[in-house]
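Notes to accompany the following structure.
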Amino acid sequence: MDKFEAAFNELIEKELKIEPRDWMPEKYREHLIRQVSQHAHSEVIGMQPEGNWLLRAPSLRSKQVLLAKIQDEAGHGLYLYSVAETLGISRQEMVQQLHEGKAKYSSIFNYPTLTWADMGAVGWLVDGAAITNQVSLQRTSYGPYSRGMVRICKEESFHQRQGYEIMMQMAFGTPEQKEMAQDALNRFWFPALMMFGPHDKDSAHSSQAMKWKIKIESNDHLRQKFIDHTVKQIEYLGLKSPDPNMKWNEATGHYDHSPFNWDEFWNVVNGNGPCNQERLDHHKKVHNDNKWVREAAAAYALKTETQVA
Ligand code: BYC
């Protein structure tokens, strides 16, 4: 082991941060580029199912709040693309990988948002699951990613409350509204749990990620944490559990649940979910339509640079 590797291992061992200027193993760099770029793409693609409801939000207030949330997601995408850029990849390359199907984004955004209650379920469950994972990632070993997560988590907790507020309005509203809330919960529950990734035993990257302290807690551990605190929120709303086998287990101190449909998960992850094609096509179209904006911004930046020089 050379002195650079020893210095890297010592930083990891002491739970200090690896910074862009530090030496790091090539595999550590590649691992982070994969995870952070996928995370960035998720934030950006995640705007689509919510954007679907912007023009149909039921009040001016709900429209303003939803718009602010969607703008926050764009911001998160930008922080994360910047984090990945510190690892030596350009945003252009990352977008190209997304368009060529070489980079993934979270499976959850391949499900449609059919009713206004879905905006509640997305904020409550999807942002709720995202926070559970991201609070843990605040302690990740790569400095820029860890600091990005601190800011993102603050905004995500506002998003989670925005979703829960919609769920409360619907669940405590008319019988039809309560039915819509239940239907949204039923459709988003299992897909939200799958956001945490495959079971630990099937997770290809977890073992190395945990050695490098990129991942602090495992997929299954975070998923169980999310289930345990969300069950009480379901009860408060007066809704039924979408999982008939969800029961408190005195011995483990956790809720038991039904087995997940991993065939559905892999089907969605591999591009065959209900909205995969639509999400990607939309991203490609908008990226292409807005080419002139990027060119104008680059030309303006060049002009300003020349003037300063
Ligand atoms: N969807 O070895 P594994 C948000 C892939 S929230 C798609 O366990 P890892 C937002 C995985 O990439 C969502 N693919 O992987 C919220 C790998 O394939 P590759 C974003 C998935 O990395 C509200 C393979 O399966 N959050 O943005 O150790 C509104 C094997 O899995 C999924 C993050 O990205 C999935 N659910 O663990 C708007 C958090 N799960 O790469 C926006 C950061 C697994 O070998 N990411 N795969 O081709 C992580 O914490 C981890 O990457 C994961 C997966 C827990 C997601």
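The values are calculated or read from the model by the stated rules, or taken from the named source; none is laboratory data. As the structure is a prediction and not an experimental result, all values here were calculated from the model. Don't worry about glycine lacking a Cβ; one is built from the backbone with ideal geometry, like all the others, and counts go over all protein chains shown. Side chains are part of the model used for accessible areas, which takes the heavy atoms of the whole protein and leaves out ligands, DNA and RNA. Shrake-Rupley method; radii C 1.70, N 1.55, O 1.52, S 1.80 Å.
Data for the structure
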item	result
Pairwise centroid distance, computed over Cα atoms, of segment 239-309 with segment 1-60, Å	14 Å
Qualifying lysines (Cα of each under 24 Å from Cα of Lys27; at least 8 residues distant if same chain)	Lys3, Lys14, Lys17, Lys102, Lys104, Lys201, Lys211, Lys213, Lys215
Packing rank of 205-211, 301-307, 242-248, where each peptide gets the mean count of other beta carbons within 10 Å, highest leading	205-211, 242-248, 301-307
Of Lys17, Lys213, Lys232, the one that fluctuates the most in a GNM where the chain has Cα springs shorter than 10 Å	Lys232
Pairwise FRET efficiency - Asp228 versus Gln169, Cβ, R0 = 22 Å, nearest 0.05	0.30
Straight-distance crosslink candidates among lysines, where the alpha carbon sits under 22 Å from Lys178 and sequence neighbours closer than 8 are dropped	Lys63, Lys232, Lys240
Relative packing of peptides 67-75, 249-257 - highest average C-beta neighbours within 10 Å first	67-75, 249-257
Unit charges at the beta carbon, dipole of the chain: most positive-side option, Ala181, Gln71, Met170	Gln71
Cα-based reach from Lys154 at 18 Å (exclusive), listing aspartates and glutamates while leaving out same-chain residues under 8 positions away	Glu43, Asp72, Glu73, Asp127, Glu165
Length-normalised contact order for segment 32-82 - Cα pairs under 8 Å, 6+ apart - percent	58 percent
Heavy-atom accessible surface of the chain: percent carbon and sulfur, 1.4 Å	56 percent
Probe 1.4 Å, accessible area per residue of segment 1-117, Å²	51 Å²
Amide H contacts under 5 Å for His254, placed H, 5+ residues apart	Asn249
Pairwise label distance in nanometres, Glu26 with Asp220, each label 7 Å out on the Cα-Cβ vector	3.4 nm
Simple spin-label estimate for His199 and Lys102 in nanometres, 7 Å along Cα-Cβ	3.3 nm
